[in-house]
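Below: the structure, in structure tokens.
The values are calculated or read from the model by the stated rules, or taken from the named source; none is laboratory data. Keep in mind the model is a prediction, meaning the values are calculated, not measured. Here the Cβ positions follow ideal geometry from the backbone for every residue, glycine too, while neighbour counts run over all protein chains shown.
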Amino acid sequence: MAKNIYTKRDDGRKMTEVRPMTAKVGIVPSADGSASFETGKTKAIAVVRGPRTLHPQHMQNAKTGILRVNYGMMPFSVEDRIRPGPNRRSEEISKVTEWALNSVVDLTGFPNTVVDVFIQIPQADAGTRVAGINAAAMALAHAGLPMKQMVSAIGVGKIDQTLVVDLDKFEDSEFHDGEGSTDIPIVLTSRTKEIALLQLDGKISVDEFKEVIEMGKVACDDILKVQMEALKNGGKDE
Ligand code: UDP
């Protein structure tokens with residue numbers, strides 16, 4: 001089968017361009033920390049509660065507090081209604097988000113406690129796990145919890161033969177020339193530029209993979225600016 005080359009994005013973006021972003025903190029005043037992060041039509045909300053004493057007691061760690069992430073998509077976040085409640089996908093995303101955030105959050109000052117991070121997706125157009133991680137990192141910083149650095153997250157993918165940043169649902173779908181699309185969520189730390197999470201679903205060559213990382217780094221720099229601006233503007237007392 002002849003291979004199509006993806007030369008024009010459905011929404012006219014450059015291949016390296018992130019969808020328009022907005023970010024806010026303090027969106028839930030009663031929470032210890034909260035934030036929202038939007039890219040295009042994908043929206044994530046993160047709410048932080050804690051640190052508070054962890055129950056049951058046998059789950060406590062006397063050396064450190066524990067981060068606990070709960071990710072979920074709202075039933076009407078996509079056209080086909082999603083069944084409420086946890087499923088395999090949401091449990092996987094909660095776990096990988098926890099790993100990514102654990103690499104920067106330092107809860108050693110809060111032994112025997114838990115910090116809960118609830119991530120909700122009211123509107124999904126692909127890239128929800130990375131949007132959720134961006135919102136959660138901001139919400140943790142907004143809560144004033146000790147963080148060694150921030151994290152920023154982006155999906156970089158391959159559509160047919162072309163590498164693209166921040167795929168939307170149309171691009172993330174399997175309609176392409178038979179190879180389908182590859183989506184690679186990447187989470188980068190802000191200062192040391194280390195990879196806090198990388199997931200690969202699909203096929204990609206080593207050279208393409210290196211380019212994916214470079215594209216991810218540039219995009220994460222843009223995202224970090226948006227996160228930091230929101231944190232600077234949104235004091236806890238707003
Ligand atoms: N999606 C959906 N129904 C589902 C799960 C996902 O319609 O039950 C859509 C949604 O737009 C999501 C996209 O598929 O953003 C891609 O999902 P994926 O599992 O790749 O995770 P994401 O890209 O959101 O992190």
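Hey, does region 17-27 have a residue that's assigned to a loop (DSSP other than H, G, I, E, B), of a type in the set (Lys, Arg) and at pLDDT below 95?
So far as region 17-27 goes, no, none of its residues is assigned to a loop (DSSP other than H, G, I, E, B), of a type in the set (Lys, Arg) and at pLDDT below 95.
Being surrounded by fewer than 19 Cβ atoms within 10 Å (Cβ to Cβ) and more than 16 Å from the chain's Cα centre (by Cα) is the filter here, so list the residues in region 50-73 that pass it. Hits for region 50-73 are 52, 53, 55, 56, 57, 58, 59, 60, 61, 62, 63, 64.
Restricting attention to region 40-94, the residues that are within 16 Å of the ligand (Cβ to nearest atom) and basic (Lys, Arg) add up to 6. Kindly check whether there is at least one residue in region 9-17 that is in contact (Cβ under 8 Å) with a residue 60 or more places away in the chain and within 16 Å of the ligand (Cβ to nearest atom). For region 9-17, residues in contact (Cβ under 8 Å) with a residue 60 or more places away in the chain and within 16 Å of the ligand (Cβ to nearest atom): present. Just one of the listed residues (18, 28) is of a type in the set (A, V, I, L, M), under 17 Å from the mean Cα position of the chain (by Cα) and on the phi < 0 side of the Ramachandran plot, namely 18. Strands (runs of 3 or more DSSP E) fully within region 107-191 that include at least 2 residues being surrounded by fewer than 24 Cβ atoms within 10 Å (Cβ to Cβ): 113-123, 162-165, 181-189. Criterion applied to 102, 112, 134 was being away from the ligand (no atom under 11 Å from the Cβ) and within 17 Å of residue 45 (Cα to Cα), and the one residue passing it is 134.
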